[in-house]
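Chemist: Dropping a structure here in structure tokens format, bear with me for questions.
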Amino acid sequence: MEIIKNLHSYLAYVVLAILVLATINAIIGWMGKKDFTMHKDLRVSLFALILSHIQLLVGLILYFTSANGLKAIQALGMGGLNAPARLLALEHPFINIIALALITIGWSRHKKFMESDKKFKTIAIFYGLGLLLILSRLPWSQWLG
């Protein structure tokens with residue numbers, strides 16, 4: 001259990017870094033009217049997508065096996081959760097699933113466009129929204145403490 005928790009915590013740094021990189025890359029490409037390249041732009045966006053999904057899978061394993069996830073809701077009920085427990089058991093997983101759905105939609109939509117500006121714009125918007133949602137529901141006090 002501790003291995004999964006540590007993996008989820010440390011992988012989060014990598015995922016956040018690559019999501020920030022992919023989002024900034026897309027914004028720069030969009031605003032700078034650059035060409036969307038398979039070598040750099042596609043790979044950065046794809047790595048962000050893949051690593052985000054791996055992080056989600058690790059998080060779901062943790063959610064179903066940890067005392068802070070589903071077991072907390074089962075033991076205490078929704079009304080029995082205090083704010084930190086509610087963050088871990090409900091808000092963090094729920095919002096992150098929505099964030100990953102947005103990132104996945106951004107990836108899928110960008111492939112439909114041939115124009116570089118539309119590709120960059122789609123990735124910038126959807127990855128950016130996903131990143132903001134993830135950042136909004138990180139358990140900062142536990143993660144950084």
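The values are calculated or read from the model by the stated rules, or taken from the named source; none is laboratory data. Given the structure is predicted, the values throughout are model-derived calculations rather than measurements. Please note: Cβ atoms are built from the backbone with ideal geometry, for glycine as well, and neighbour counts cover all protein chains shown.
Chemist: Applying the selection to the stretch 13-37, what residues are in a helix (DSSP H, G or I) and buried (at least 17 other Cβ atoms within 10 Å of the Cβ)?
Modeler: Matches in the stretch 13-37: Val15, Leu16, Ile18, Leu19, Ala22, Thr23, Asn25, Ala26, Ile27, Gly29, Trp30.
Chemist: Going by what's in this entry, would Phe126 be described as without any contact (Cβ under 8 Å) to a residue 40 or more places away in the chain, aromatic (Phe, Trp, Tyr) and in a helix (DSSP H, G or I)?
Modeler: Numbers: without any contact (Cβ under 8 Å) to a residue 40 or more places away in the chain: yes; aromatic (Phe, Trp, Tyr): yes; in a helix (DSSP H, G or I): yes.
Yes: the conditions hold for Phe126.
Chemist: Let me ask something additional. In this structure, does Lys40 turn out to be charged (D, E, K, R), exposed (fewer than 15 other Cβ atoms within 10 Å of the Cβ) and touching a residue at least 40 places away in the same chain (Cβ under 8 Å)?
Modeler: Working: charged (D, E, K, R): yes; exposed (fewer than 15 other Cβ atoms within 10 Å of the Cβ): yes; touching a residue at least 40 places away in the same chain (Cβ under 8 Å): no.
The answer is no for Lys40.
Chemist: Counting only residues that are farther than 19 Å from Asn6 by Cα and crowded, with 18+ Cβ neighbours inside 10 Å, how many does the stretch 63-77 have?
Modeler: Selection size over the stretch 63-77: 1.
Chemist: Now for a different question. If I go through the stretch 36-94 residue by residue, how many of them are within 30 Å of Ser116 (Cα to Cα) and of a type in the set (Lys, Arg)? Break it down stepwise before answering.
Modeler: Looking only at the stretch 36-94, we keep the residues that are within 30 Å of Ser116 (Cα to Cα), and these are 36-56.
If we keep only those that are of a type in the set (Lys, Arg) too, we end up with 40, 43.
Qualifying residue count, the stretch 36-94: 2.
Chemist: Select, from Val58, Val44, the only residue that is in a helix (DSSP H, G or I), under 19 Å from Ile3 (Cα atoms) and hydrophobic (A, V, I, L, M, F, W, C). Steps first, answer last, please.
Modeler: Working: Val44 fails: under 19 Å from Ile3 (Cα atoms).
Result of the check over Val58, Val44: Val58.
Chemist: Is it the case that some residue within the stretch 105-120 is in a helix (DSSP H, G or I), at pLDDT 95 or above, crowded, with 17+ Cβ neighbours inside 10 Å and touching a Leu at 6+ places or on another chain (Cβ under 6 Å)?
Modeler: yes
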